[in-house]
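The structure appears right after this line, and notes come after that.
The values are calculated or read from the model by the stated rules, or taken from the named source; none is laboratory data. Because the structure is predicted, anything quoted here is derived from the model rather than measured. Glycine gets a Cβ as well: all are built from the backbone with ideal geometry, and neighbour counts include every protein chain shown. Remember, those area values only see protein heavy atoms, side chains included, never the ligands or the DNA or RNA. Shrake-Rupley method; radii C 1.70, N 1.55, O 1.52, S 1.80 Å.
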Amino acid sequence: MPDKEQSNQSDFMIEKIKVRPINRKKLVRRTIITAAMAVIFGLIACFTFLLLEPVINKWLYPEEKPKIVVLPEDQEEMAPEDMLAENLPTESPSPTPEPTPDQETEPGEEITLEEQILAILSENPPAITRDNYKQLYDSMSSYVKELNAYMVTITIVVSNVDWFNDIQESRNQISGVIVAENGKELLVLSDALPVRSAQRLLLTFWEGTQVEAQIKQQDKVTNLAILSVELDSLPDSMKEQGLPIASLGASNYRNLPGTPVVALGSPMGVSNSVGYGMVTSTGIPIYSPDRNYKLLLTDIFGSQNGGGVLFNMNGQVIGIITSSKNTSDLKNVVTAYGITELKKIIEKMSNGSSLPYMGISGLDVTREANEELGVPLGAFVKDIDLNSPAMQAGIQKGDVVIEAQGLEILTFNDYTNALLTMEPGDTMELVVMRQSQNDYKEMNFSVELKESKM
């Protein structure tokens, strides 16, 4: 009996484990699902990395913003009474002897071009010999070589497809002048009309370096454009020598006529051409909405398709050559926009800003009109563009703008400079004097500016 019970007990304790058969289809399906999930996870991770990498990179290595370009302002032209007071007799200083061609200069001392010309002309009687004549032109040639460092040749590349589907590439060249750099870009002023249709812009510098450029901003009123070149694209050797940036002078002086000038760029219609002469007149005004310009006339005979810049004898740009404003009797005379009225526009374009538009055409109120007719000093509204922001705000012909954004306005140029501190979409506050019977009444206007459409 005990043995039987023990046997039954041992049978009860024996456990038999059956191995579950492998379901191959289910295993394959799970493997495929796992691999697919891994691929999807990898794609999501890659996509997330691509999206976040620029953000993280900018956070870790913030990109340096370009510096704001600020061009030096001209000194205000003195009134005649101030000039008279300044020229009153005072203690006459001892005359400084003029250098002569025979004088030897100290080591390191240089005689300027003007000093050489004055030395020759100061001889009594003046002895303009063939050698002197050659010396003058040799000096001018050396001066032009110095100025050429500020100039660039712009190659405009345009590709077209002919009737046989062959690509035909055409190239045209104009000139530009280096006006600024903002720490990231070198900025070049050029004619806007030829570069608008360009598919590629190639800039060639004075020492042969050629790089690609882009249009940064343009002004359709003056047909000027600012081209930009990345500083990183320039060779180190060029940057180590120092980037030559042209100095912008002034064109608002009464004694500017008679000033000798050099026309560089393409005044003869050919790139890298040059012309010598002098300013003959500065009295031709050019009126346009929100801006007025002075046209400089020279005695340089050039091309109707000429362009470039005018330099004075101090290495300063005083004019931007234009042929669009030439009259029929002056069609081959080199003329230029005065640089004074262009500085704020060049500055704004150099910073990539759009030009604001209000739509007022006007002129200065003269002292005679102020004293004899009682017209307030300011910017006289001669005309208003149809449907312009000025017209929509209620400004009328005959109004006189005396204040803009809290700044006193005494001339139309003051109004232009105040306007150019604004951006399209800004609201400009104006104080205007409007004639009411025999007196002028003060009125306030808020004008929402638009982007210049011209």
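Under the definition of Cα pairs under 8 Å and six or more residues apart, what whole-number percent is the relative contact order of region 341-454? Display every interim value, and only then the final one.
Details: 232 pairs, mean separation 31.6, N = 114.
Dividing the mean separation by the residue count of region 341-454 yields 28 percent.
Any chance you could list the semi-axes, whole Å, largest first, of the equivalent ellipsoid that the Cα gyration tensor gives for region 339-384, using √(5λ)?
Semi-axes from the Cα gyration tensor: 30, 13, 7 Å.
What does the extension gain come out to for Leu363 and Ile215, with contour length at 0.36 nm per residue minus their alpha carbon separation?
50.1 nm
Give me the extension gain from Asp426 to Phe41: residue separation times 0.36 nm, minus the current Cα-Cα distance, reported in nm with one decimal.
Going from the current span to full extension adds 133.8 nm.
Label 7 Å along Cα→Cβ of Glu442; region 406-433 residues with amide nitrogen under 17 Å?
Within reach of a label on Glu442: 406-410, 429-433.
Determine the per residue accessible area of region 250-406 with all protein chains present and a 1.4 angstrom probe, expressed in square angstrom. Numbers along the way, then the final one.
On the way: 6310 Å² over 157 residues.
Value for region 250-406: 40 Å² per residue.
Once you keep just the Cα pairs under 8 angstrom separated by 6 or more residues, what percentage relative contact order results for region 342-407?
On the way: 78 pairs, mean separation 18.4, N = 66.
Answer for region 342-407 is 28 percent.
Using the Cβ atoms and a cut-off under 12 Å, what net charge is assigned to the surroundings of Ser436, where Lys and Arg are +1 and Asp and Glu are -1? Mind showing how you got there, number by number?
Details: positive: Arg434, Lys441; negative: Asp399, Asp439, Glu442.
My count for the surroundings of Ser436 gives -1.
Does a label point 7 Å from the Cα of Ser142, set along Cα-to-beta-carbon, have any residues of region 246-275 with amide nitrogen under 19 Å, and which are they?
261-262
Name the residues whose placed amide hydrogens come within less than 5 Å of the amide hydrogen of Thr322, ignoring near sequence neighbours (fewer than 5 apart) on the same chain.
HN-HN under 5 Å from Thr322: Thr335, Ala336, Tyr337.
Taking amide H positions as placed 1.01 Å from N in the peptide plane, with prolines and chain starts having none, which residues 5 or more places from Arg200, or on another chain, fall under 5 Å of its amide H?
It is Val157, by chain and number.
Please compute the modelled spin-label separation between Lys325 and Ile32, points set 7 Å along Cα→Cβ, answer in nm with one decimal.
The two pseudo-label positions are separated by 7.8 nm.
Would you please give the residues with an amide H less than 5 Å from that of Met428, counting only those at least 5 places away or on a separate chain, with H modeled from the backbone geometry?
When sequence neighbours closer than 5 places are left aside, the close amide H contacts are Val447, Glu448, Leu449.
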